[in-house]
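Just below is one structure, and these are the notes that go with it.
The values are calculated or read from the model by the stated rules, or taken from the named source; none is laboratory data. Predicted model only: the values in this text are computed from it and were never measured. Glycine also receives a Cβ, built like all others from the backbone with ideal geometry; neighbour counts cover every protein chain displayed. SASA here: full protein model, heavy atoms, side chains in, ligands and nucleic acids out. Shrake-Rupley method; radii C 1.70, N 1.55, O 1.52, S 1.80 Å.
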Amino acid sequence: MKIGMISFAHMHAFSYAKHLLEFPEVEISAIWDEDREIGTEMANTFNCLYISDLDQLLDSDVDAVVVCSENSKHKDHVIAAARAGKHILCEKPIATEVEDAKAMIDACEEFGVILQVAYPVRFAPAIQRVREYIRSGTIGEVVAINGTNHGQMPGGWYIEKELSGGGAATDHIVHVMDLIRWILNDEVKNVYAELDTRFYPIDVEDCGMVTLEFESGVIVSIDPSWSCPKAFPSWGDVLLEFVGTKGTLSVDTFKQHSTYYNDVEGKVQHLSTADDMDKGLIEDFLQSIKEKRPPSITGEDGLRTLEVVKAAYESDKQKKVVTLNRI
């Protein structure tokens, strides 16, 4: 199976490419990046062609592409790939605007290609076990959830609104939202959010609190802040606490780790000892292509999480609760 990489702008691209090569039947045949220097460097790293013309890559015999460009460019890259008949794994968030996400989904349906959105945290062993507990009724009926997705401020294009679509809220709400939708099989009804910029001198939000009411009545709070200092031993966290009628269940997604006191770099690091969630994501994408089945994480999943993000911005702007009108 031949795979093309569309951009290494997103920090996850390197991990996805590395894991693709762990499957003997997979070949990264070409890389496109509008930054020729980065594209050439990555092509040398992964022993493949660098192609400066995206149309040329899409006209080649690649079976699928992995899109890791800046968020605002997802729409154009995904639709172009769909028209070329290529299956697509698209980095999160699916897009920066709801209408763009819908157009991407429609294009992939029209041209009969798979569109999977990159939410690798679903493949974390701890999260999969939590889903089993919740679905089996171990803690009874879930009535409330508290979630965090903290991280370090990434800089670069991530803090340029025209490219990213927003700051910490865009970057981090979607991961927690995807997990909760997947675990509960429920949709958001109302959104209230307060967002701010308190940690860094940047033009997008770096912190906030989001409160959600699901259609079932479950109440959820999410802290999506870029509040981890540079000295933090990992990039960030994903913490979830489920309050049920029979008990409470808490999960630290990245708890399985070894602590590395790194004298060379002068820092303490957490090195994960759990199964690699990125590899799980890549394996699922490849299997969906082989089996000609819908992916586990669909374009609609990406759309629903984006709708919540946009409602959070609207709520913060209007200073009131926003009711979702899903399209």
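General remarks:
- Helix 98-110 and the longest principal axis of the Cα set of the chain meet at an angle near 50°.
- Inter-probe distance in nm under a simple model that places probes 7 Å from Cα toward Cβ, at Lys290 and Lys246: 3.7 nm
- Taken as Cα centroids, the range 178-225 and the range 99-122 sit 23 Å apart, rounded to the nearest whole angstrom.
- Start at zero, step by 20 Å, and the Cα-Cα distances of the chain spread as 31, 60, 9 percent across the bins.
- Those aspartates and glutamates that a straight Cα-Cα span of less than 12 Å connects to Lys317, excepting residues fewer than 8 apart in one chain: Glu194, Asp196
- Taken per residue, the accessible surface of the chain reaches 45 Å², heavy atoms only and a 1.4 Å probe.
- Spin-label model distance (nm) - Val321 vs Gln269, 7 Å beyond Cα toward Cβ: 4.6 nm
- Spin-label pair Asp76/Leu49, simplified geometry with 7 Å Cα→Cβ offset, distance in nm: 2.2 nm
- Per-residue HN-Hα couplings for the range 171-179 [Karplus 6.51, -1.76, 1.60; θ = phi - 60°; Hz; x = Gly/Pro]: 5, 10, 4, 4, 4, 5, 4, 4, 4
- Across Lys255/Lys320; Lys18/Lys230; Lys2/Lys310; Lys92/Lys255, pairs whose alpha-carbon gap is larger than 28 Å: Lys255/Lys320; Lys2/Lys310
- Residue among His175, His19, His77 with the largest mean-square fluctuation in a Gaussian network model of the chain, springs linking Cα atoms under 10 Å: His19
- Per-bin percent of Cα-Cα distances, the range 46-118 [5 Å]: 3, 18, 29, 26, 15, 6, 2, 0
- Candidates Leu271, Leu239, Leu286: whichever shows maximal mean-square fluctuation once the chain is modelled as a Gaussian network with Cα springs under 10 Å: Leu271
- In degrees, nearest ten, helix 299-318 long axis to first principal axis of the chain (Cα): 50 degrees
- Taking the C-alpha atoms only, the angle from helix 277-291 to the longest principal axis of the chain is near 60 degrees.
- Probe 1.4 Å, all protein chains present, accessible-area order of Trp182, Trp32, largest first: Trp182, Trp32
- Tail beyond 12 Å, pair distance distribution of the range 19-59 (Cα, percent): 57 percent
- Dividing the Cα radius of gyration of the range 130-209 by its Kirkwood radius returns 1.07 for Rg/Rh.
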